[in-house]
Each structure stands twice: as structure tokens, then as C-alpha cells.
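The values are calculated or read from the model by the stated rules, or taken from the named source; none is laboratory data. Source: prediction; values computed, not measured. Virtual Cβ from ideal backbone geometry, glycine too; neighbours counted across all protein chains shown.
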Amino acid sequence: MKQIRDAGAMRDFHLERARTKLSSRFSVGSIAVDRGVRIKGRWVNQRIDSLTVERISGHSIGVHGEGGLIHASSTDPTDDLVGRISDSENTDFSEVAVIEQAFSAPQLVPLSNWLRVADAAARSASPSVVQVVIDFEVTDRHLWFGQLTGTVGDDSRSLTYMILRVIASDGSSLSTGFFTPATRGGIDLLDAETCGTEAARRSLGGLGARSAPIGELPVVVSGGRGIVMLHEACCHPLEGDEVLRGSTYADQIGKPVAASGVTIVDDPLLENAVGSYSFDDEGTPARSTVVIRDGQLTGFLTDLDTAARMGCVSSGNGRSPSALHAPLPRMTNTCLLPGPHTPEELLSATPLGLYAEHVGGGEVVEATGRFTFRVTNAFMIRDGQLAEPVLETTVSGHGGQVLRDIDMIAGDVAVSAARCGKFGQKVPVGVVGPSFRVAKLLVGGYSE
Amino acid sequence: VSTAEVVQGIQAAATEDVEIWTVETTARDVVVRDGVVERHGSSTHDTVTTELLTPQGTGFVTTHGPADGTAVVETARDVARLVGSRAQPTPVSTGTNSLTSGSAPHEHFNDDDLVRLSSQYSPQGSDVHVEIRAHEEYWKVGTALSADATRMYETSLAEAICRVTVEKRYRVQLTQYYFGRNQSEITGLLQGNGLSRQVEQAYMMATLLGSPGHSADRVLLHSRISTRLLMMAMPSLAADAVEQQRSRLANLIGASVASPKVTVVENAAAEVAPLPRPWDDTGRPVRDVTLINHGTLENYLSSPRTAHISPVTSTSWRGVDGESSAIGVGHVTCSVDDEPERFEDLQSPEHLHILQANGLHMSNDVTGNFSFVGSGISVKKDGQLTSVHDAPISGNIFDLLKGIDGHDGIRATWRSGNSFLTAPGLWVRGLTVGAS
């Protein structure tokens, strides 16, 4: 009896079967084996309120042919996925024994200590801090890949992702400070005290906030997390499936789509950014893609399926939350390259505007380019200086116009993180770049 | 810091309930656009969860696949190791107390049906494009509380995400989710007038001249939007949110919290519930729980931990990956008294039908303030129809509950995780509608 002792051997076993049984019908395809441990939960009322320890186990195969993509996946290592696709299921598994070792056990003590320290740091910032809520995820995964073309590889995917919400009250108003530190690595890479203090600072700064003004205003977007706006507004329509559906950029390669000086790179090779990897989820080696160079559209983001349909080579952007989901073309780390200004110059050049310190979730209609996103921590800019805080508000616009309206870019590059949802699949994405100014965006509840 | 300290409150759980929860899921996906099949997916996903249900609210869960006896034992060992030697949960006895929720047998979407549906509105060269992303799930669930028998049931869910794009005077994309228990229900919804109505709405938005301003006092929120808004109010109905003073609806049992026309009922096994479930995910049998009865708050969603807040304890659910159970919605139905008022049948001037919401969000559960960018169709005083594009719209979810004064009788369902909410399109007052 054949014995499979580890995930790499399992990858090889399935890949060999796929080559034997499927290569005559499909020239493009990949195998993935996914193993790991994920700890996630919520800290509230100064203790862990809920906790899930999840042992990740899955494997999948995806092939592309005339009928489009066919993807099959299972948590059961003995599930015959190749057979499922070739309509000859469970033909020769009786002679296989899987005796794989379990992934390493989760470590909870460092996590608990981190949460306690962050909570204490936030509370020590001011007696006005009344609650600290931290949603946490610490994941340690390893994936093994193989493609029908012969490429094999494996990749570690550690992720620590924290969402801190510090709530402050001055008796008459409530304010929530958001901070989302994350890293492609262990929790030791994030300083708990700094994170707790920063979330508290944002919360306390929002006390006494007033409603956002109404209408079109210049908006200065802070570096790092603020790049979520470019991710939402400008880059989703660059994903291969949306391009194939006729997105606003579908026929714009080589044409100017942004202000000069704007260069945006999708880069999965950045150290410690949460969207980084060595291979995408289809086993294509990672590489950076310049999607906009000095205002000119230069590239799209593709997976094996959309690349085959577009007649090009995959850019290595096939991503999925786990091997159980079929990969889609997705962004990795969206990077705006730095410009010549300082953050102070962006403010001083703005007589009246909005400073978006923390940007929440957003949404874009890919076919039209219209987008909306939340600004969860913001201040007015008056006479070139930061002024009073404003309540959470909505900013909306047209992605193509925003790119043309970026008129100042600073050099204060920061690395931050977000979660991106697409057709129900959420993956971590890096948002990397400096502060920048958009000449006008629609801010607030309504416009005159 | 010891492991025991890390899991403070857990040690006491050695004498509390231990639950073993298993689910075997099979799922299939088909994506069709303009009559062409673009992708097929199939997945089998087994999960075993072992959880300590503690009065402090702290639980430990581990998940595995496949859901066989070995995994059950290993998860139990994991939990025991995590909580220290005082807690040694053992797999509970299995029993024969089985039940099937009444779902139709497992059946698959038919590619030919989807191809025909997606192509009938988008012949080659057309300015109408229809994409259907069909998904079906089939679950076998076992839930076992210690010193109790294993309860088994089978259930199913089918959904279709339909994205209609029309290129006329304006380019419009209108997306709707359709939910049912099986593919027959979804195909029926689409073949009925679901998809044709969606295409018609998108076509009108794309062809009618756009209006720069809107002053409608009375607004009809399409059910694809009303369901999302109402779902955002549900956390405030959770007893743990009440206990932790995170709910604007705390201490309001018996008080008026909504329009007297509005009734809200939780029942995960309701007739119209997709993914019907006869037991909640902590093994308690579900039943009708009237949360709001003609505007009056009657109950909160609750669990055994919060029985002192609200006695109904069968509304705890796990996340999509079997995560630790939490109080929440299984399936909620919102109904509104009175005969339906269809947008197209009304004679009253100046009303607005919001058909699409982009970026819908609520700042936090306590304030209930929400905003989104809406698009739809407006009727002016002179009866002229115009399209509305990207109008900023804001309001407050608790004010909206009180401002509901009618419905259009066209129901939709919204899904958030494994929670579902069904409601009709709602006529509401009190929204701030800006110009586009």
C-alpha cells in the first residue's frame, strides 16, 4: 500500500494523477494542498470573549478548457478530485493510506499577552476610554502547488491581522478609533503598546466630532490604509475577469488614465505586507505588475483562467481564501509610488478640505467605475492646517476621475492592510503608499 | 502567564456543556454569462467543532476535516489540552434522535437552464448583459450536547447572484441575490418575473434622462436594499449586545421601537427560510421568536448564556467555517401590514424608488446612522419619470424602523454569513436624499 506521509507527497500524488488522466484534455491547470492553523476571535471587556482554533485542511484542482474553468476541492485528503473532474471517481484510492502528521499546535499565550498589553495601553491613554474591542486573527498556513505544465512549489502564509476599536466618551459624545495593524508574519512583528496607543489617539481625537461638510471638497488621504481608496476606486476594474466583462479600463492599455506622476504597482513580493506570497494560489510564481506607470495604463491582473481567455500569461494574481475556493484574479499589495511632496505640504496647500486618516470598507461598480467608501476617522482642513474632527462619513466618486484628480503625492510611504471581498471570498490585501491629495471628491451626506 | 490564565473562565467550563458539532457540506458553483458557461466548481467540506459553552461567554472551538470519528476525538483532545487538565471533554454518545428539515433532495443547477436564462436578455450584440453565478450547498449536520443524544438533520441552500449590465444613455449595473432551498426554487424565481423585472429596472435606469435633484419625502427601498438595512439592525436585537450596553434597544421590551405596521419574527425553520435548520448551532430546537410585534419589542435573540436577559435561547449560530457560536439571526422575516403599494401603481407625486445601493454601511450599532450611494427611478410632480444616479442617501436605522409606512409586496432575502433575512420592498420616510 502506498503511504502519503506529508502534504508535499500528497501534492505530488495528485499532480501525477492529474497529468496522467487530464493532460490530454487540459493544458492549463493546477493542484494545491493547504494545511495550517488559524486562531481568531474577539477581545472585549478585557478578556477573550470568543475564540476559534481552526485546523485548515484542504486540497484542490483547477483546470481550464473549452468549457471554462473546472475547479474541485475537498477537506478529505483521500477525496479523488482528479477522478471527479475526469468522471472516473475513486478508481484507485483503495491502495493509498494517508498518515500525514497534524500541523503544529496553536500558541495562545503570546496572543493573550499581546491583547492584554494593547488593551492596557489604550485604556491608560485617558480615562475617557471606555471600551477596547480587538478582533484578532493569527494564521500559520503552508501551501504546496503543482501545475500541469510542470512547475511545483510551496509557500508559507503566516498572517497576523488585528482590528482595534477603541471607544471613548466625554459624557456627551462617543467616538470610535479604528486601527488595523497586520503583518505577513507572527504577532511578535506588531508592537502591542504602540497599536493600543494609536487606536486610543484616534478615538480621543474624534470626541466632539461634528457632521462632515456637504459637497465636493479636496481630500487629503493618509498613507498606508488610505490606499484602500485606490484599491477600491481604481484597481478592481483592472482584474482580468472584470476586464473580460468590459470594465472601464478594458480597452485602455497604453492610454493615459491618471495624472502624470501617478504610478501604481501590484507587488506580492513586499516583505511583511499581508498580500505577499512566493506563489499565487494556482502555483504561478509571484511577480510585481506595474498597472499604471506615470499616468499610463500598462497592465492587468490575471489568473490562469482569465489569462487563458485573454491570450496572455498569468500575472500571478490567482487568489483564494483557501484551497476550497476557486481562485479569482485579485490584487495583492496595491502600491502607490511616492511623490515629491511632504505631508505638511499637502495640508498647507489646502485652504478647505477633508483629511481622511482611516479609511474603512468600500465598494465599486466595476462596469461604471463608481465607488463609495467610508472614512472612519477624519478631520477638517482649514487654512492649511488640521482642524476639528468630523463624524464617520462617506466619500464617493468615479475611479477614473479620481486618478486624474490626484494632484499631490507625498513621500511618507506606509504599509497597511485591509480585507478585500469578491464574490463572497475574502483575502488579505496590502495597501502601501504615501499620503496623497485628490482635488475633489463628493463628501458627506449630500451635496447642494 | 499560564495556559489556564490565558483561557480565564474556561476552567469552570469543565462542568458546563460541551458540544460536538459536525457538518458535511457539498457545494457546486456555475458561472454563466450571456449564454456561455465560464466556470464550474465543486467542493466537499467537512468540519468538526468542539466547543465549551461557558457562562462567561468564552468558548474554544477547533475544526477539522473530514468529519469522522478520529477528528471528533482529536478536536476533543485539542480542547482538553487548551483548557488544562481540569477540563477533559470526551466525545458524547451518539443517538438516533434524527430529523430531516424537509428540504428537497439534493439536486444540481442545470447548465442549460442557466444558459437559456442568461442569454434570453442578451442576444449577441445586445446592449444588455446578464451574468448568473449560481451556487448550491447541501449540509448534513450533527449536533451533540454532553449527556444528550446526537441530533442530525439535512438541509440545503441555493443562491444566484445575477448581475445585469445595460449600456444605453448611461451605463448601469444592477446586481441582485436570489435565495432558495434548492435550484428549483431559484430557477423558478428567475423564470418567474425576478430576472425580467431586474433587467427592466436596469434598462429604465440606463435609458431615462437623469435628474440632478430629488426632494421625495416618501421613498421606496427595493427589497434588495431593505433587507440589507434591516440586517444591520439585527445586532441590536441580540441579548449579549443588550447585556454589554452595545444596543440602542436595551431595556425596551414592551416599548414601541418600530412602526405599528411592522412585525419581525425569527425562525430558522420558517417556510421561506433558505438553509432551514430545525436546531440552532448549540443544539436547541428553533421555533417562532417574535422579536417585534406590530412595532412593540417583545424578545431579544438569545442563548443559554443570556437567558436572564431574554428567555428564548435557541438563536445561536456558528460562522461559515464553524466558528464559535454567537447570538444572531438564523432566518428573520419582516412583514408589514396593509396591502402592497407597487411603485408603478401610485398616483401620488414626488416619489423615489431606490433600486441599487452602493457602499451601504452603518457607522456603529449604537448610533444606527447609515449611509450609501443610491440609484433608481424618480417620479416628479408632473408624473415625469427620471433616472437617479449615485445620490448620497443617509438615515438612521432606528428612525427608519419607525418610519416604515408601507410595502410593495415584492420580497427578497439577504444573506450575511449563515444568517438570512427576508423582507419586502419598504416605503419609508425620513431619509436624507442628496442630489447626484
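The strands (runs of 3 or more DSSP E) found wholly in the range B:320-402 and carrying at least 2 residues that are under 21 Å from the mean Cα position of the chain (by Cα) and facing chain A (nearest Cβ under 9 Å) occupy B:351-362, B:369-379. Checked against the criteria, A:Ala308 does not count as within 12 Å of chain B (Cβ to nearest Cβ), out of contact with any Lys or Arg (no Cβ under 8 Å at 6 or more places or on another chain) and part of a loop (DSSP other than H, G, I, E, B). Scanning the range A:35-49 for residues that are farther than 19 Å from B:Arg318 by Cβ and more than 9 Å from every other protein chain (Cβ to nearest Cβ), we see that the one that is surrounded by the fewest Cβ atoms within 10 Å (Cβ to Cβ) is A:Gln46.
A residue that is of a type in the set (Ser, Thr, Tyr), farther than 23 Å from A:Asp267 by Cα, assigned to a strand (DSSP E or B) and in contact (Cβ under 8 Å) with a residue 24 or more places away in the chain occurs nowhere in the range A:408-420.
Here A:Glu344 fulfils each of the conditions (1) part of a strand (DSSP E or B); (2) out of contact with any Leu (no Cβ under 7 Å at 6 or more places or on another chain) apart from (1).
The residue list B:Pro235, B:Pro311 contains one member that is assigned to a loop (DSSP other than H, G, I, E, B) and not β-branched (Val, Ile, Thr), which is B:Pro311. Filtering the range A:311-329 to residues that are more than 19 Å from A:Ser156 (Cα to Cα) and either in a loop (DSSP other than H, G, I, E, B) or free of Cβ contacts under 8 Å to residues at least 12 places away in the same chain (or both) leaves A:Gly311, A:Cys312, A:Val313, A:Ser314, A:Ser315, A:Ala326.
Got a sec? Which of A:Ala32, A:Ala72 is in a strand (DSSP E or B), touching a Leu at 6+ places or on another chain (Cβ under 8 Å), at pLDDT 85 or above and away from chain B (no Cβ under 11 Å)?
A:Ala32
For the range A:377-406, filtered to residues that are in a loop (DSSP other than H, G, I, E, B) and either under 20 Å from the mean Cα position of the chain (by Cα) or among the acidic types (Asp, Glu) (or both), the residue that is nearest to the other protein chains (Cβ to nearest Cβ) is A:Glu392.
Residues of the range B:233-241 include at least one that is touching a strand residue (DSSP E or B) at 6+ places or on another chain (Cβ under 6 Å) and at pLDDT below 90. Just to verify a result, which residue in the range A:188-203, among those that are under 21 Å from the mean Cα position of the chain (by Cα) and aliphatic (A, V, I, L, M), is surrounded by the most Cβ atoms within 10 Å (Cβ to Cβ)? Among them, the one singled out is A:Ala199.
Among the residues of the range B:270-299, those identified as surrounded by 20 or more Cβ atoms within 10 Å (Cβ to Cβ) and closer than 15 Å to B:Thr413 by Cα are B:Ala273, B:Pro274, B:Leu275, B:Pro276. Of all residues in the range B:374-391, one or more are farther than 30 Å from A:Gly362 by Cβ and buried (at least 20 other Cβ atoms within 10 Å of the Cβ). Taking the range A:359-371 as the search range and keeping residues that are among the β-branched types (Val, Ile, Thr) and surrounded by 24 or more Cβ atoms within 10 Å (Cβ to Cβ), which one is nearest to the other protein chains (Cβ to nearest Cβ)? Ranking the candidates gives A:Val365 first. Scanning the range A:50-69 for residues that are more than 7 Å from every other protein chain (Cβ to nearest Cβ), more than 14 Å from A:Arg17 (Cα to Cα), assigned to a strand (DSSP E or B) and more than 23 Å from the chain's Cα centre (by Cα) yields A:His64, A:Gly65. The condition of being more than 11 Å from chain B (Cβ to nearest Cβ), of a type in the set (Lys, Arg), surrounded by 19 or more Cβ atoms within 10 Å (Cβ to Cβ) and in a strand (DSSP E or B) does not hold for A:Arg374. Considered as a group, the residues in the range A:419-443 that are under 30 Å from A:Ile214 (Cα atoms) and within 14 Å of chain B (Cβ to nearest Cβ) include one that is surrounded by the fewest Cβ atoms within 10 Å (Cβ to Cβ), and that residue is A:Gly421.
For A:Asp79, are the conditions met, namely being surrounded by 20 or more Cβ atoms within 10 Å (Cβ to Cβ) and modelled with pLDDT under 85? Break it down into steps so the answer makes sense when it comes.
Working: surrounded by 20 or more Cβ atoms within 10 Å (Cβ to Cβ): yes; modelled with pLDDT under 85: yes.
Spelling it out, A:Asp79 is indeed surrounded by 20 or more Cβ atoms within 10 Å (Cβ to Cβ) and modelled with pLDDT under 85.
Given the options B:Leu208, B:Leu174, name the one that is within 26 Å of A:His398 (Cβ to Cβ), over 22 Å from the mean Cα position of the chain (by Cα) and among the hydrophobic types (A, V, I, L, M, F, W, C).
The unique qualifying residue is B:Leu208.
Residues of the range A:170-195 that are of a type outside the set (Phe, Trp, Tyr), at pLDDT 90 or above, more than 19 Å from A:Ile39 (Cα to Cα) and touching a strand residue (DSSP E or B) at 6+ places or on another chain (Cβ under 7 Å): A:Cys195 alone. Within the range A:358-390, the set of residues being touching a strand residue (DSSP E or B) at 6+ places or on another chain (Cβ under 9 Å), modelled with pLDDT of 85 or more and more than 22 Å from A:Ala417 (Cβ to Cβ) comprises A:Phe379, A:Met380, A:Ile381, A:Arg382, A:Asp383, A:Leu386, A:Ala387, A:Glu388, A:Pro389, A:Val390. With respect to the conditions (1) under 24 Å from B:Asn358 (Cα atoms); (2) in contact with a Phe, Trp or Tyr (Cβ under 7 Å, 6 or more places away or on another chain); (3) assigned to a helix (DSSP H, G or I), B:Leu220 falls short on a single one, namely (3).
Among the candidates B:Arg246, B:Arg224, which residue alone is within 22 Å of B:Ser416 (Cβ to Cβ), basic (Lys, Arg), in contact (Cβ under 8 Å) with a residue 60 or more places away in the chain and within 13 Å of chain A (Cβ to nearest Cβ)? None of the other options fit; the residue is B:Arg246. With the checklist (1) assigned to a strand (DSSP E or B); (2) modelled with pLDDT under 90 in hand, flag the one item B:Gly125 doesn't pass. That leaves (1) as the condition not met. Of the residues A:Gly316, A:Gly275, A:Gly353, A:Gly339, the single one that is at pLDDT 95 or above, more than 22 Å from A:Ala439 (Cα to Cα) and over 14 Å from the mean Cα position of the chain (by Cα) is A:Gly316.
Residues checked against (1) modelled with pLDDT of 80 or more; (2) crowded, with 22+ Cβ neighbours inside 10 Å; (3) within 13 Å of B:Thr282 (Cβ to Cβ); (4) more than 10 Å from chain A (Cβ to nearest Cβ):
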residue: B:Asp17; (1), (2), (3), (4): no, no, yes, yes
residue: B:Thr22; (1), (2), (3), (4): no, yes, no, yes
residue: B:Val37; (1), (2), (3), (4): yes, no, no, no
residue: B:Ser43; (1), (2), (3), (4): yes, yes, no, no
residue: B:Asp46; (1), (2), (3), (4): yes, yes, no, no
residue: B:Leu53; (1), (2), (3), (4): no, yes, yes, yes
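Of the residues making up the range A:46-70, those that are polar (S, T, N, Q) and within 30 Å of A:Ala308 (Cβ to Cβ) are A:Ser57, A:Ser60.
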